[in-house]
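All remarks here apply to the structure that follows.
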Amino acid sequence: MWGHLKKKFMYSQFRLFYFNSITMSNFIPIINEKAGVPKFLQLANAFADAVKTKELNVGDALPSVNELCAKCGLSRDTVFKAYSELKNRNLIESVPNKGYYVSSNTHKVFLFLDTLKAYKEVLYGAFRASLPNTISVDVHFHHYNAQVFNDIVRAAAGKYSHYIIMNFDHKKVKNALRVIDPSKLLCIDWKVNVPKNCSFIGQDFKKPVYDNMVKILDKLHHYSKVFFVFPEYTNHPKETIVSFEQFCRDFKLNYQIIYQVKEMNPQKGEVYFTVSDRVLAKLLDITHEKGYELGVDLGIISYNETPTKKYIKDGITVVSTNFSEIGIKMAKFIVEGEKFDEFVPTDILIRHSL
């Protein structure tokens, strides 16, 4: 009993010492009256940014509600909403009779991906490894459902220090992203429905496909026909089809686009290019069943590198961007405040399957 009371007393003394050591900050944020972002969010984001840049440190006291009302021309309700938002982000805490102080320098990131696939794990692993432990990440998936995308983005608006979102081609996507402060938003992978003034890092699904096919032209001449399997269920950008067809026409290759997987009937002397790993698995099954030698009887090219493709059947040839590089740049957007508007290069990795 005495031990419990002693620990409680010592903890109380520690908190009293800590709170008495709080440094009063002179930081006063600037509110833009013409900005499309609500004033309470501007206020909350300004304090969050000040913590990130160490203009405010753990233990610093924030201006009182009355002081902010007077110096920023804000209502008490606006200031209270901003401080409540910061408390929800676990950045500040209120102390009775002492006001508000910075309790943590932890930042919370909203990461919104389409689906969980092997190459997304590579991207996320590189991203997480490049972030300090003081930054937490909430991961969500939209599965190309526009209503789910809209609902989750709107629910997340204003609750995170940064937003990293993988878009897709739907008008609701563009409208949904208008609720996010563009300075806090990074769109990744597919450059579609990207709002103005936000950052972007991704891959070009068109020209690099053409350029990389040129690199393997001599190998393709060993095959009688080139098939591009673009299944009806894929959400891969259609720009890749356009680029593939242009390449085949320019170099007079015998080719065909297959949209229905059931119509696929691989024969010796053919090469298959697919954007779907489900189709890749099907092609490998057929190769095994028919006793074909991969890279001799039948060629395969897959889209998007994964950790296992270099080992499957002595290696699958892939056209892929560098997902680790995208993940590292995502972290720079968070940690260093670096702005981006760029495509990460897409290359072909030639292996035994071709």
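The values are calculated or read from the model by the stated rules, or taken from the named source; none is laboratory data. As the structure is a computational prediction, the values presented were derived from the model and not from experiment. Because the Cβ atoms are built from the backbone with ideal geometry, glycine has one as well, and the counts that use them run over all protein chains shown. Side chains included, ligands, DNA and RNA excluded: accessible areas come from the protein's heavy atoms. Shrake-Rupley method; radii C 1.70, N 1.55, O 1.52, S 1.80 Å.
Data overview
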item	result
Strands (runs of 3 or more DSSP E) lying entirely in the stretch 256-354 (those with 3 or more residues that are buried (at least 20 other Cβ atoms within 10 Å of the Cβ))	270-274, 298-303, 317-321
Every residue from the stretch 115-138 that is surrounded by 15 or more Cβ atoms within 10 Å (Cβ to Cβ), at pLDDT 90 or above and not in a helix (DSSP H, G or I)	SER130, LEU131, VAL137
Selection from the stretch 180-194 of residues that are without any contact (Cβ under 8 Å) to a residue 40 or more places away in the chain and in contact with a helix residue (DSSP H, G or I) (Cβ under 6 Å, 6 or more places away or on another chain)	ASN193
Qualifying residue in the stretch 16-23 (condition: at pLDDT 75 or above, open to solvent by 100 Å² or more (accessible area, probe 1.4 Å), out of contact with any Leu (no Cβ under 8 Å at 6 or more places or on another chain) and more than 13 Å from ILE92 (Cβ to Cβ))	no
Residues of the stretch 128-165 that turn out to be in contact (Cβ under 8 Å) with a residue 40 or more places away in the chain and among the aromatic types (Phe, Trp, Tyr), as a count	3
Count of the stretch 218-237 residues which are at pLDDT 95 or above, open to solvent by 30 Å² or more (accessible area, probe 1.4 Å) and either touching a Phe, Trp or Tyr at 6+ places or on another chain (Cβ under 8 Å) or of a type in the set (A, V, I, L, M) (or both)	1
Residue tally, condition open to solvent by less than 30 Å² (accessible area, probe 1.4 Å) and out of contact with any helix residue (DSSP H, G or I) (no Cβ under 7 Å at 6 or more places or on another chain), over the stretch 195-216	6
In the stretch 54-71, residue farthest from the chain's Cα centre (by Cα) [restricted to those that are open to solvent by less than 20 Å² (accessible area, probe 1.4 Å) and farther than 15 Å from LYS98 by Cα]	LEU68
